[in-house]
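Asks: Structure provided below as structure tokens; questions to follow.
Nothing in this text is a laboratory measurement; each read-out follows from the coordinates by a stated rule. Keep in mind the model is a prediction, meaning the values are calculated, not measured. Note: ideal-geometry Cβ built from the backbone for every residue, glycine included; neighbour counts use all protein chains shown.
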Amino acid sequence: ILSSVVETTHSEAIAITPKGKKIILSDELGNQSFQTDDPTLYHKVPDQNSATKAKISSALMKAIQTAKHYCSVDTKNAGISQLEIVHITGTPDYSTVCASDRFRLYTEKVSGDGVDIMLYPESCNLLSGFDEAVFYESGNYHFFECGLTTYGFIKPEFKTPDFGSIIRNMKEG
């Protein structure tokens, strides 16, 4: 609603007024209002000192953004398959990013802190504007600190397919 008001207003300013459980946006065209969400419904960001953090380099961020285009999107099936997710598996020295649409496989090895993450393409889209991030996890959530913004995504419940056996048996050319 805020984006819509910003795009259509000719006013120099928009007034944002909390009123009980409503937020009222006012400009020269009138008022728009919407209900606030109950903040207790959202997972609390864990204490920064208690989480083990890993740096997501710009090279890894680029690989994630490329991989999301290789994820399968099955519009016929109501559920989500493990092939609709970007899979990142890590060792202490590197991370391997994999994604597949059942016909093509994208894989890239990126040096640096190894991380184990699975991300839905929609989550990758939210991270696309950032060059790097700091990653940590808590409970069922993955967190990404991107400058002044922290994103929290629910962890997918899938296991990463054994892309390693496919990659080992691939022949160049």
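Asks: Kindly give Rg over Rh for segment 85-173, based on alpha-carbon atoms, with the Kirkwood expression for the hydrodynamic radius.
Replies: Computed over Cα atoms, the ratio is 0.98.
Asks: Give me the angle, in degrees from 0 to 90, between the Cα long axis of helix 58-67 and the longest principal axis of the Cα atoms of the chain, rounded to the nearest 10.
Replies: Around 90 degrees separate the two axes.
Asks: Enumerate the amide H contacts of Y94 below 5 Å, restricted to partners 5 or more residues apart or on another chain; note that Pro and chain-start residues carry no placed amide H.
Replies: G112, G114
Asks: Relative contact order for the chain: what is it in percent, counting Cα pairs under 8 Å that are at least 6 residues apart?
Replies: Rounded, it is 17 percent for the chain.
Asks: May I ask for the Kirkwood hydrodynamic radius of segment 130-173, worked out over all distinct Cα pairs and given in angstroms to one decimal?
Replies: Averaging 1/r across every pair of different Cα atoms and inverting gives 13.2 Å.
Asks: Restrict the search to segment 76-173; then list the GluC sites (Glu not before Pro) that DSSP places in a loop and that have at most 13 other Cβ atoms within 10 Å of their Cβ.
Replies: Passing both the DSSP loop test and the Cβ count: E157, E172.
Asks: Using the Cα centre as the reference, give the magnitude of the dipole from point charges on the C-beta atoms of the chain (Lys, Arg: +1; Asp, Glu: -1; all else neutral), rounded to the nearest 20 debye.
Replies: Charge dipole, the chain, about its Cα centre: 440 debye, nearest 20.
Asks: So, counting K/R as plus one and D/E as minus one, what does the shell of residues with Cβ under 11 Å around T52 add up to?
Replies: Summing Lys and Arg as +1 and Asp and Glu as -1 gives -1.
Asks: Taking segment 118-169, which chymotrypsin sites (Phe, Trp or Tyr not before Pro) meet the DSSP loop condition and have no more than 14 other C-beta atoms within 10 Å?
Replies: F158
Asks: Rg to Rh for the chain: what is it, with Cα atoms only and Rh by Kirkwood?
Replies: 1.08
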